[in-house]
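Worksheet: one structure, shown below.
No value in this document is a laboratory result; all are computed from the given coordinates. Predicted model only: the values in this text are computed from it and were never measured. All Cβ positions, even for glycine, are placed from backbone atoms using ideal geometry, and neighbour counts span all protein chains on display.
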Amino acid sequence: MLYLVGLSRPAAAQIYSRTDTNGVLTLSDRPFTGSAKLTGAATARVGLLPLGSVGSTYDPLIRQHASLQGVRADLVRAVIQVESAFNPRALSPKGAMGLMQLMPATAAQFGVIDPFNPAENIRAGVKYLRMLLDKYNDNEQLALAAYNAGPGAVDKYGSKIPPYKETRNYVQRITNLKGNTSATAGPRIYKVTEIVDGRPVVKYTNSKPTSGIFEEVGR
């Protein structure tokens with residue numbers, strides 16, 4: 001488990017770390033006795049703060065890309081909260097980068113040039129989340145499990161959440177995070193399938209369609 005203490009300006013503040021005898025890493029913007037200052041981004045994924053307490057700066061980007069991809073904005077916020085605690089310079093020991101902790105291969109897949117750029121990171125992270133939601137028929141828990149452990153792990157266990165403690169805790173934390181509920185989310189999101197030149201084309205909209213094949217996929 002990893003905790004974040006008092007980090008209100010993650011991109012600018014000096015970050016200190018301390019690991020206790022149980023292996024729990026604590027990050028703070030104030031020095032501990034005998035702690036070492038980290039130069040640059042935190043080198044581990046950070047934990048929970050109140051949803052939106054440091055993330056309002058990124059709300060326009062979150063709403064924009066969530067709307068474009070037909071993903072609940074509250075879900076995107078919750079993923080960012082758990083992945084990086086809204087620290088755009090976050091870097092995990094495994095190499096995951098930025099707000100939505102993109103792995104290098106994922107960043108390359110979605111054409112990201114600078115994974116620490118919030119606009120690029122959120123764009124790619126939400127597109128990847130949309131791809132996973134499509135793969136698992138809009139099952140958010142399976143999509144989240146795949147975001148954490150990889151689609152291969154979910155598929156290996158018959159399209160179920162893998163029996164990995166980290167992954168199950170990850171899914172549970174995002175699911176339970178205050179503010180991440182369909183009931184408190186924004187407008188309805190519809191998935192519309194239209195036939196163009198004999199081929200199905202999928203689009204997402206927050207207005208109820210009047211034509212084509214559509215289904216509500218979230219709020």
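Here the simple spin-label model places points 7 Å from the Cα toward Cβ, and for ALA105 and GLN172 these points are separated by 2.8 nm.
Kindly provide the pair-distance distribution of the range 107-154 built from C-alpha pairs, with 10 Å bins from 0 and whole-percent values in order of increasing distance. Final binned percentages: 29, 47, 24, 0.
Once R0 is set to 45 Å, what does the formula 1/(1 + (r/R0)^6) return for the Cβ-Cβ distance between ASP155 and GLU194, expressed as a FRET efficiency to the nearest 0.05? Here the calculated transfer efficiency is 0.95. The convex hull of the Cα atoms of the range 84-132, projected and averaged over all directions, covers 3.0 nm². Each of TYR164 and LYS135 was given a label point 7 Å from its Cα along the Cα-to-Cβ line. The distance between the two points is 1.2 nm.
When only alpha carbons are used to place a centre, the range 58-79 and the range 104-170 end up 15 Å from one another.
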